[in-house]
Amino acid sequence: MRIAMIGSGYVGLVSGACFADFGHRVVCVDKNANRIAALKEGEVPIFEPGLEDIVASNTAAGRLAFTTDLAEALERVDVVFIAVGTPSRRGDGHADLTYVHAAAREIAEASPSTVVVVKSTVPVGTCDEVSRIMGETGPGKSFEVVSNPEFLREGAAIKDFKKPDRIVVGVDNDHARATMAEVYRPLGLNPGQIQYTTRRTAELIKYAANAFLAMKVSYINEIADLCESVGADVSEVATGIGMDARIGRAFLNAGPGYGGSCFPKDTRALLKVAQDAGARMQLVETTIAVNDARKRGMARKVIAAAGGNVRGRNVGVLGLAFKPDTDDVRESPALAVITALQDAGAQVSAFDPEGMDQARKELRDVTFADDAYSCASGTDALVLVTEWDSFRALDFDRLRAEMNTPVLVDLRNVYRGDEMARRGFRYVCIGRPDESRRPGLSEAAE
């Protein structure tokens, strides 16, 4: 099939490249001329394992192209995907649909009748509004609008796209349904893996899924606080409750809170949708409050581990991306921890394998190090915020020699307390008593 992908950001680029890898002919459209020029040269603007190779191979094969010319891209296409950003709107937390609506108008102006798929994460009723906008902008044309929310985890997006646990398609007619079935046919999915619903139901599924997972994260973080108070081990609690098939082990790893481009934005947007509809969502409201407090609270844990005062002292932070295998620092717990430490008077150094360039845009007065050891040099405490694989086997003899004071605050429960004590470190982790600290499990958060 011939597919146009409007937006070449994270969702659009991953989706477009994977569709091309299935054998479809895809053109990705973006107004950012520098981004399109870079993509044409083989430069992928985001870090996602495996993406650069897929983009390169499919561009070379002629199945994937990039352009800023929307009209050219829409010539003779079978389906158009809208995959533009929907950031939180300043002031009220609603999803900002400016780019979605603009894309709808431009498609209606430039395209003949076609199937238009909204892949951006949008509030309930957005596809109805897109349909109305396109009808007004392109009178006499026939546009079939479909909701097809994405469920990609940063750091595992290629796998998620090619081997999805489910695909949700919101349609209101047979032709659009048949078109979407053909789009996803190369995956060879079982019939039960594609859920066809109404458009409004599909839109809500995306928000409901992310809000539920966010609630699990906030829940286990509150359990971790309780574990610290009563002497229990949150890792064992999580394993014990996760063995219940009704609960599951995923997203039950205690840590510094969730971040990224999805959970914070989508929980706030869902809450606003509910408020506008006159429906209370107290669990979601509390989840947001717990997570916001959690991030700043981690800085207090660091300060306590450093003796109660970090004014004029040096603190190193390992990990800036909100999770491993991505360069995305949006609403990362690391940013909140660093800001709170700076507010308390600390001088902060930081290192991340991939997120440094993005973090430089968000942080001020931070010394960005070349590696974990230069980050630790001269510090009075070292904080592990993001559990990159390269942070799982650090040379602690070397670290101790670099640091002023050997204090490690492990916000991901990567290490063992007894091991760290043998290495001469004061070790502080999340929700585990001294006598039973043991490695936690790494898990992607979205």
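The values are calculated or read from the model by the stated rules, or taken from the named source; none is laboratory data. This structure is a prediction, so every number in the text was calculated from the model and none was measured. All Cβ positions, even for glycine, are placed from backbone atoms using ideal geometry, and neighbour counts span all protein chains on display.
Of the residues that make up segment 134-146, is at least one within 30 Å of A289 (Cβ to Cβ) and either under 20 Å from the mean Cα position of the chain (by Cα) or buried (at least 24 other Cβ atoms within 10 Å of the Cβ) (or both)?
Taking every residue of segment 134-146 in turn, none turns out to be within 30 Å of A289 (Cβ to Cβ) and either under 20 Å from the mean Cα position of the chain (by Cα) or buried (at least 24 other Cβ atoms within 10 Å of the Cβ) (or both).
Among (1) in contact (Cβ under 8 Å) with a residue 60 or more places away in the chain; (2) of a type in the set (S, T, N, Q); (3) in a strand (DSSP E or B), which single condition is Q195 missing?
Q195 satisfies all of (1) in contact (Cβ under 8 Å) with a residue 60 or more places away in the chain; (2) of a type in the set (S, T, N, Q); (3) in a strand (DSSP E or B) except (1).
Only one of these is hydrophobic (A, V, I, L, M, F, W, C) and buried (at least 22 other Cβ atoms within 10 Å of the Cβ): A232, A209, A245, A214. Name it.
That would be A214, the only listed residue that is hydrophobic (A, V, I, L, M, F, W, C) and buried (at least 22 other Cβ atoms within 10 Å of the Cβ).
Could you please find all residues in segment 91-133 being under 20 Å from the mean Cα position of the chain (by Cα) and without any contact (Cβ under 8 Å) to a residue 12 or more places away in the chain?
D96
In segment 86-109, which residue that is of a type in the set (G, A, S) and at pLDDT 95 or above is surrounded by the most Cβ atoms within 10 Å (Cβ to Cβ)?
A104
For residues that are farther than 13 Å from L318 by Cβ and touching a residue at least 40 places away in the same chain (Cβ under 8 Å), scanning just segment 378-400, find the one that is surrounded by the fewest Cβ atoms within 10 Å (Cβ to Cβ).
Selected residue: G378.
Considering only residues that are surrounded by 16 or more Cβ atoms within 10 Å (Cβ to Cβ) and either within 21 Å of R25 (Cα to Cα) or among the aliphatic types (A, V, I, L, M) (or both), which ones fall in segment 165-176?
I167, V168, V169, V171, A176
In the set D410, D389, which member is touching a Phe, Trp or Tyr at 6+ places or on another chain (Cβ under 7 Å) and closer than 26 Å to S261 by Cα?
From the options D410, D389, the qualifying one is D410.
Looking only at segment 110-122, filter to residues that are at pLDDT 95 or above and either of a type outside the set (K, R) or surrounded by fewer than 20 Cβ atoms within 10 Å (Cβ to Cβ) (or both); which one of those is nearest to F263 (Cα to Cα)?
Here the residue is T121.
From the list T201, T179, T239, exactly one residue is surrounded by 18 or more Cβ atoms within 10 Å (Cβ to Cβ), in a helix (DSSP H, G or I) and among the polar types (S, T, N, Q). Which is it?
T179
In segment 407-437, which residues are modelled with pLDDT under 95, small (G, A, S) and surrounded by 15 or more Cβ atoms within 10 Å (Cβ to Cβ)?
G417, the sole residue that qualifies.
Please specify each residue of segment 336-362 satisfying the condition of being surrounded by fewer than 20 Cβ atoms within 10 Å (Cβ to Cβ), small (G, A, S) and either in contact with a strand residue (DSSP E or B) (Cβ under 7 Å, 6 or more places away or on another chain) or part of a helix (DSSP H, G or I) (or both).
A340
Would segment 60-70 turn up any residue that is buried (at least 17 other Cβ atoms within 10 Å of the Cβ), touching a Lys or Arg at 6+ places or on another chain (Cβ under 7 Å) and assigned by TED's automatic domain parsing to the domain that holds A110?
Among the residues of segment 60-70, at least one is buried (at least 17 other Cβ atoms within 10 Å of the Cβ), touching a Lys or Arg at 6+ places or on another chain (Cβ under 7 Å) and assigned by TED's automatic domain parsing to the domain that holds A110, which makes the answer yes.
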